[in-house]
Amino acid sequence: MPDVTVAIIGSGFGGIGMAASLIRAGLTDVVLLERAADLGGTWRDNSYPGAACDVPSHLYCFSFAPNPDWSRSFSPQPEIWRYLRRVAAEEGVTGKIRFGAEVTSARWDPAARLWRVETTRSTLTARFLISAAGPLSDPLIPELPGLGTFAGTVFHSAAWNHDHDLAGRNVAVIGTGASAIQFVPRIQPLAGRLTVFQRTPGWIMPRHDRQISRLERWLFRHLPVTQQIARAGIYCGREAYALGFVKDPAIMGAAQAMALRQLHRQVADADLRGRLTPSYRMGCKRVLLSNDYYPALTQPNVSLVTDGITEIREKSVLTSDGTAHQVDTLIFGTGFHVTDFPVARRIFGPDGVSLADRWSAHVTQPAQTAFRGTTTAGFPNLFVLTGPNTGLGHSSQVFMIEAQIRYVLGALVHAGRLAVDRIEVRPEAQAAYDRVVQRKMRRTVWVTGGCKSWYLDSDGRNVALWPDFTWVYARQTRRFDPSNYSLTADTGAAYPAASQPR
Ligand code: NAP
């Protein structure tokens, strides 16, 4: 018998939502393995100044745990983190988390039909393993030549050094993505000099953030249906964006015009404006929202450098034009290991092959695919939340996570009902699913938009995003579909899919 029925890696939105749903369904034999000392995942780690969500709050939360108290339409990070801690406590999840337990390896034992999981704290066996490690959990610091020789202070936006006072410092920010455009305006007034190193400009739209009024909050609390209506309205509005992202990228032209109007309004200098103007179709990279990033760049203590970084020296950053930019603090806003999925290097199937190696074995299958973004042939009883092609460019990731949770829950309930102890997706189902995803992908802005983004793997395949409306994914994952799986009952007899009771 395994030590536990379900082991979940991570306690961010995925881990907490999954555990809460299992507990609600009466499946309480669950353990969450969390490497940090607190829960919250990316919303615990990304505490940089100005960190906030760019998806409206009433959609960026669990449908089963609405929060009538969001203070703003786009919640700041401390509020989201607080929300996650509250939900975890109320749903009975917190007590099931083992903190400081980083999963170092998880190996499928084919004879015992269970996962043997090693953590930095202990080992345990589990019937089912669910990875909720998330795609934005391992910060990426590029291997810039000479970085090790830098004598000043270095940190990544996802591990902000709050003890390092930036007042009067010569600060370099490398990267101009979703994180950097939030913290640059906050640190600009503090820094003595701020040099922002941009490789590719992003499309930046106005951010329509506002305070949620006391009346709205009262209504949401006392008449919950009003919050459901607000959520549904936001959901529909966001789904409309999918038309431009995945159906007809030409539609993005109108939004581009709006972004350019903001750029013209906020940046008077034509040269600076030119360097901030993207040359690719909006949406190809994540669309950024900000009202104060451009104004921060126009301040006298700020320079935008667009020449490539060639080397880091003891006290400077050298660029391709030969300039040595003097700095004493280096802040990386360079994103995360997404397409290389770090946790996949620690999960091993029955033949000892890691999920990462399986996903890069181009000979047997295209790289990084998972049936419904969740299950992979060769890895029984493993479910990956926010797996391949489940990310979004236009709406709330929490919506996708909940759809996946429903699917996984369906699988586990099915397994429990039929005393099944081994569930493995059929390779042909996985391959067919991937063909459909990649066919849809062909016309999306991520493929046709003319940019290079972290959505693409080293072969240029978009392995990160879902190429359709989110309700299409929710419909596909609403029920577990045993006919796409090979199931083995604990009698040891595998039974054909056709005989599966429904
Ligand atoms: P990111 O969007 O991946 O941006 C990384 C930035 O670093 C890009 O500007 C990239 O330039 C640059 N970069 C990477 N390597 C570089 C190098 N070697 N030299 C120079 N520049 C380099 O990372 P992020 O801003 O941390 O955001 C990551 C994701 O987190 C977002 O896409 C989003 O999904 C999420 N996020 C969400 C929110 C939210 O509000 N919900 C807020 C922050 C982040 P290139 O563009 O040229 O590659």
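The values are calculated or read from the model by the stated rules, or taken from the named source; none is laboratory data. Fair warning: this is a prediction, and the values are worked out from it, not measured in the lab. In this analysis, Cβ positions are derived from the backbone assuming ideal geometry, glycine residues included, and neighbour counts consider all displayed protein chains. Just the protein is used for accessible areas: all its heavy atoms, side chains included, with ligands, DNA and RNA removed. Shrake-Rupley method; radii C 1.70, N 1.55, O 1.52, S 1.80 Å.
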(request) Kindly report the accessible area of the stretch 314-376 per residue (heavy atoms of protein chains, probe 1.4 Å, no ligands, DNA or RNA), in Å². (result) 39
(request) Report P(r) for the stretch 87-155: all Cα-Cα distances, bin width 10 Å, range 0 to the bin holding the largest distance, values in whole percent. (result) 14, 31, 26, 18, 10, 1
(message) With an 8 Å Cα cut-off and a minimum separation of 6 or more residues, compute the relative contact order for the stretch 1-113 in percent.
(response) 34
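Rounded to two decimals, what is the ratio between the C-alpha radius of gyration of the stretch 37-154 and 2.2 N^0.38 Å?
Values: Rg = 18.6 Å, N = 118, 2.2 N^0.38 = 13.5 Å.
Against the empirical 2.2 N^0.38 Å value, I get 1.38 for the stretch 37-154.
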(message) Helix-only estimate, please: 222 nm mean residue ellipticity of the chain, summing -39500 (n - 2.57) across DSSP H runs of length 4 or more and dividing by its residues, to the nearest 500.
(response) -8500 deg cm²/dmol
(message) Loop only by DSSP, 15 or fewer other Cβ within 10 Å of the Cβ. Give me the chymotrypsin sites (Phe, Trp or Tyr not before Pro) in the stretch 1-79 that pass, ordered by residue number.
(response) Phe64
(message) Expected output is a single nm value to one decimal: the length gained when fully extending between Glu118 and Arg86, i.e. 0.36 nm times separation in residues minus the C-alpha distance. What is it?
(response) 8.6 nm
(message) Taking the Cα centroid of the stretch 18-33 and of the stretch 123-200, what is the distance between the two, rounded to the nearest whole Å?
(response) 33
(message) Quick test of your reading: applying the under-4.7 Å Cβ rule, which cysteines of the chain are isolated?
(response) Cys53, Cys61, Cys236
(message) If I model a spin label at Leu243 and Ile229 as a point 7 Å from the Cα along the Cα→Cβ vector, what separation in nanometres do I get?
(response) 2.4
(request) Calculate the spin-label point distance for Asn301 paired with Ser71, positioning each point 7 Å from the Cα along the beta-carbon direction, and give it in nanometres. (result) 2.5
(message) What number results when the radius of gyration of the stretch 16-77, computed over Cα atoms, is divided by 2.2 N^0.38 Å?
(response) 1.32
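Filter the trypsin sites (Lys or Arg not before Pro) in the stretch 373-447 down to the DSSP loop ones having no more than 15 other Cβ atoms within 10 Å, then list what survives.
Working: sites: Arg406, Arg417, Arg422, Arg435, Arg439, Lys440, Arg442, Arg443; in loops: Arg442, Arg443.
Passing sites in the stretch 373-447 are Arg442, Arg443.
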(request) Determine the gain in length on full extension of the stretch Ser63-Thr104; use 0.36 nm per residue of separation and subtract their C-alpha separation, reporting nm with one decimal. (result) 11.5 nm
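Counting Lys +1, Arg +1, Asp -1, Glu -1, what net charge surrounds Ile9 among other residues with beta carbon under 10 Å of its beta carbon? Walk me through the intermediate numbers first.
Details: positive: Arg35, Arg346; negative: Glu34, Glu102.
Result for the local shell: 0.
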(request) Let me know the longest stretch in the chain that avoids all GluC sites (Glu not before Pro) found in a DSSP loop with at most 11 other C-beta atoms within 10 Å. (result) 315-502
(request) For the stretch 227-232, just list the computed ³J(HN,Hα) in residue order, Karplus coefficients 6.51, -1.76 and 1.60, θ = phi - 60°, integers in Hz, with x standing in for Gly and Pro. (result) 6, 5, 5, 4, 4, 5
(request) Compute the distance in nm between two label points, each set 7 Å from the Cα along the Cα-to-Cβ direction, one at Ala151 and one at Glu311. (result) 1.6
(request) Pull up the cross-link candidates among the lysines for Lys452, meaning alpha carbon to alpha carbon under 30 Å and not fewer than 8 places away within one chain. (result) Lys247, Lys285, Lys440
